[in-house]
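What follows is a short report on a single structure.
Readers should treat all values here as calculations from the given coordinates under stated rules, not as data from a laboratory. Since the model is a prediction, treat every value here as computed from it, not as a measurement. All Cβ positions, glycine included, derive from the backbone under ideal geometry; neighbour counts span all protein chains shown.
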Amino acid sequence: MPLIEARSLSKIYMLGKTEVHALNAVNLTVEKGEFMAIAGPSGSGKTTLLNILGCIEKPTEGSVLFDGKNVAQLSGNQLADFRLNHIGFIFQTFNLIPVLTAIENVEFPLLKMPLSKRERRTRAQEALESVGLGGLAHRKPDELSGGQRQRVAIARALVGRPNIVLADEPTANLDHATGLAVLELMSDLNSRLGTVFVFSTHDPKVMSMARRVISLVDGKIVEETTVP
Amino acid sequence: MTFWRFVPLAFRNIRRNRVRSSITLAAIAVGATALLLAGGFFQDTFLRMREGIIHSHLGHVQIFKKGYSQYGAAHPFDYLIQNPAALVSRIENLPNVELVTQRILFSALLSTGENTVAVTAQAIQPGREAQLTVIRNLRHADTGLAILHGENLSEESSFEILLGQGLARSIDAKVGDELVILTNTIGGSLNAFDVTVKGIFASPSKEFDDHGIRIPLETASKLLRTDAVQSLVVLLTETDLTETVRASIEQLASSENWEVEVLAWPELADFYNRVVALYQRQFAVLALIIALIVVLSIFNTMNMAISERTREIGTIMAIGYRRRDVLSIFLLEGLFLGLLGGLLGLVFGQGLGFVLSVSGIPMPPPPGGSVEWKAGIEITRQLLLQAFGMCVLASTLSSIYPAWRASRLVIADALRHT
């Protein structure tokens, strides 16, 4: 069974009085262990697709099956719990909480889990070490470089041991070399932990690191490439 | 419980925008301080007024012949306590009773030779009455009855009187003047004595000062031709024990079959009661205005914080926090602002209150009084609780709507927010 099976997803926004078709009958399957990119120009629907796969937005039409289970049936609270336990998020602008240190940011999702303080700290420290930032645990986000911040965000996404990490343009705010290093780290974690990574990008070099690339244009999948 | 795990985050978010948080905390602290100072000033006024009337006129408890409070005004000499000494010694043996003094209040004519006026004469036991007028443990006040000129009456005083300052002014009498006092004896015949003005007094009651004299009971007994008295005035060791001692006097009276009525000072202090009721209403309005200022200040701070942190709220919800958690985080921030601001206010308020109390606030004569006085700030434990409670409640309540708004944000929109 695939990890995610999205069936004919459509999303229509109202922009004033105009209907905007952000997604148009998208079918997508994400298998366990995948490292996959969603490519496409701005406004092609990448973020919307990731939001729907990540259960933070509902499709206007279509359904998402997660491990065979239709998430449309879940309530708001159940969806929150589902995201907490199964999905990790990485954002273009890192979105760390500025008042918390690196380790506290990583620990933040664990506050919602039934874990002791010691367990939370240990897991957060391990996650930070896995992204190579074990020594910067007590720095605040504004004391870290862009690449380091994104690594903290990756550690935060992974600390809850999710099945899948969704990353919306994770390298867009980083210089090219740092962006590639972040992607290499994600790829490495994917190989080591088996966590599925789905990330959006419009950078061809970043795309080339994915083992499967879905290309979106105007809310439709126009091409799918798999690296053997 | 997750709620308490947000405590450090809430604290750090308060520290995040230090200038804004400082201004908000200052607004809350100023609110609490204002409430403490205003409330403390009113409390001090009540306390001074209360002790003033107790130590000038009322004592803590008064004992009359049964029926006096209903019919005594029209027929005062029909309600006299015979053989008062027996009652006095029994009452003085009760715990917490400092002394009992005897009085008669009667109307008389007072003549300087040129002027004759009607006066209210208060026959007193000078030695005991002098003890009654002493106020202890009150800053800037030591007596309920100030002697402005001359001297107070003493045990040796006979055929000497004290004049209220308004009365002395109106008949142009001075210390040492010889006056004639004329009144009806209790049998109904006329009697008059020559008396000397020994001193001029000011009490908290302007009305009494304008028409009142004080005369030794011994002299008055001869003038009225009676050994009976009208009232026994009981002074206690502490005002707070009034009800307890009143109850024990009533118990004693009923076991001894004394035909008396026992009234405590609050029942006799109608003017005081009305002033307190009025001031308390004013204080409630003031508290409401202060609470409103605190509410608006926090409301503004929380709304700004939420606008600035929209994307952060979106992130928190995306990674699996429930809407209720977001609500909790912002409510906690409001609560802590209230707690911190309230604590600051209590410290400032008490400090400022202490300074003002020590220096004393010069005040004009109070309503119904004739003496200038110095007010202080009397901050009671209840007042501290009220001020602190107002801060915490106002700040938490004013955070509810902004926090609710934050918890209702659409995640995808909040994440897109720049």
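The mean sequence distance of close C-alpha pairs (under 8 Å, at least 6 residues apart), as a share of the length of chain B, puts its relative contact order at 27 percent. Ranking A:LEU49, B:THR237, A:ALA37 by how far each Cα lies toward the positive end of the dipole of the protein assembly as shown (charges on Cβ) leaves A:ALA37 at the top. Across all directions, the average projected area of the convex hull around the alpha carbons of chain A is 12.9 nm².
If I take R0 = 41 Å and measure r between the Cβ atoms of B:GLU308 and B:VAL347 in this structure, what FRET efficiency does the formula 1/(1 + (r/R0)^6) give, to the nearest 0.05? The partial results should precede the final answer.
Details: r = 30 Å, r/R0 = 0.73.
Computed FRET efficiency for B:GLU308 and B:VAL347: 0.85.
What is chain A's relative contact order, in percent, from Cα pairs under 8 angstrom and six or more apart in sequence? Computed over chain A, the figure is 29 percent. Spin-label model, B:THR380/A:LYS58: points 7 Å from Cα along the beta carbon direction are separated by 5.7 nm.
Using a Gaussian network model of chain B in which every pair of alpha carbons under 10 angstrom is joined by a spring, one finds that among B:ALA29, B:ALA277, B:ALA291 the greatest mean-square fluctuation is at B:ALA277. What you get for chain B, charging only the Cβ of Lys and Arg (+1) and of Asp and Glu (-1), is a dipole of about 3380 debye around the Cα centre.
Straight-line cross-link partners of B:LYS374 among the lysines, defined as a Cα under 24 Å from its Cα and at least 8 positions apart when in the same chain: B:LYS206. Taken along the Cα-to-beta-carbon direction at a fixed 7 Å, the label points for B:GLU267 and A:MET14 span 7.3 nm.
With no solvent and one point on each alpha carbon, what is the Debye value of log10 I(q)/I(0) for the range B:272-418 at q = 0.12, 0.21 Å⁻¹? Reported log10 I(q)/I(0), two decimals: -0.65, -1.22.
For the range A:96-105, backbone phi angles converted through the Karplus equation (6.51, -1.76, 1.60; θ = phi - 60°) give residue-by-residue couplings of 7, 7, x, 7, 9, 6, 4, 5, 5, 4 Hz, Gly and Pro being listed as x.
Distance cut-off 19 Å, Cα to Cα: go down the list A:LYS11/A:LYS32; B:LYS174/B:LYS222; A:LYS11/A:LYS205; A:LYS32/A:LYS69 and report the pairs above it. Can you show the working numbers first?
Numbers: A:LYS11/A:LYS32 25 Å; B:LYS174/B:LYS222 25 Å; A:LYS11/A:LYS205 29 Å; A:LYS32/A:LYS69 15 Å.
Over 19 Å apart, Cα to Cα: A:LYS11/A:LYS32; B:LYS174/B:LYS222; A:LYS11/A:LYS205.
A Förster distance of 22 Å, applied to the separation of the beta-carbon atoms of B:ASP172 and B:ASP194, puts the FRET efficiency at 0.75. Counting, for every residue in A:93-103, the Cβ atoms of other protein chains within 10 Å of its Cβ and taking the mean gives 4.
Projecting the Cα atoms of B:ALA247, B:PHE41, B:ASN303 onto the charge dipole of the protein assembly as shown, computed from C-beta unit charges around the Cα centre, puts B:ASN303 farthest toward the positive end.
Partner shielding of A:52-59 amounts to 3, given as the average count of beta-carbon atoms from other chains within 10 Å of each residue beta-carbon. Taking a quarter of the surface of the Cα convex hull of the protein assembly as shown gives a mean projected area of 41.7 nm².
3J(HN,Hα) couplings calculated from phi for the range B:162-169 with the Karplus curve 6.51 cos²θ - 1.76 cosθ + 1.60 (θ = phi - 60°) are, in sequence order, 10, 10, x, 5, x, 5, 4, 5 Hz; Gly and Pro show x. Stokes-Einstein diffusion for the range B:80-156 at 10 °C, viscosity 1.306 mPa s, with a Kirkwood radius from C-alpha pairs, works out to 104 µm²/s. The calculated FRET efficiency for the pair A:ASP218 and B:ALA284, based on their C-beta separation and a Förster distance of 41 Å, comes to about 0.05.
Computed about the Cα centre, the dipole magnitude for chain A is approximately 580 debye when only Lys and Arg (+1) and Asp and Glu (-1) carry charge, each at its Cβ. Spatially, the range A:17-84 and the range B:383-406 are offset by 40 Å when compared through their Cα centroids.
In the range B:67-258, a dipole from Cβ-located charges (positive for Lys and Arg, negative for Asp and Glu) runs towards its positive end, and of B:PHE193, B:VAL100, B:PHE208 it is B:PHE208 whose Cα lies farthest in that direction. Two tests apply to each whole DSSP H helix in chain B, Cα reach of 15 Å or more along its axis and mean Kyte-Doolittle hydropathy of at least -1.0, and the ones passing both are B:18-53, B:242-255, B:270-308, B:323-359, B:381-407. Within the listed set B:ARG103, B:ARG214, B:ARG309, the Gaussian network model of chain B (springs between alpha-carbon atoms below 10 Å) gives the highest mean-square fluctuation for B:ARG309.
Past the 26 angstrom mark, what percentage of all C-alpha to C-alpha distances in the range B:67-258 do you count? So the portion of pairs separated by more than 26 Å is 35 percent.
From the helices alone, meaning DSSP H stretches of at least four residues, give me the mean residue ellipticity at 222 nm for chain A, per-run term -39500 (n - 2.57), in deg cm²/dmol to the nearest 500. Before the final figure, lay out the partial values.
Working: 7 runs with 75 residues, N = 228.
Calculated from helices alone, the mean residue ellipticity at 222 nm is -10000 deg cm²/dmol.
Let's see if you can work this out: charge +1 on each Lys and Arg Cβ, -1 on each Asp and Glu Cβ, no other charges. What is the dipole magnitude of the protein assembly as shown about its Cα centre, in debye to the nearest 20? Present the calculation step by step, with values, prior to reporting the outcome.
Numbers: 60 positive and 61 negative charges, 705 e Å.
The calculation lands at about 3380 debye.
Starting from 0.36 nm per residue, how many nanometres of slack lie between B:ASN257 and B:THR244 once their C-alpha separation is accounted for?
On the way: separation 13, 0.36 × 13 = 4.68 nm, distance 1.98 nm.
In short, 2.7 nm is gained.
Using C-alpha pairs under 8 Å with a sequence gap of at least 6, the mean separation divided by the residue count of the range B:67-258 gives a relative contact order of 30 percent.
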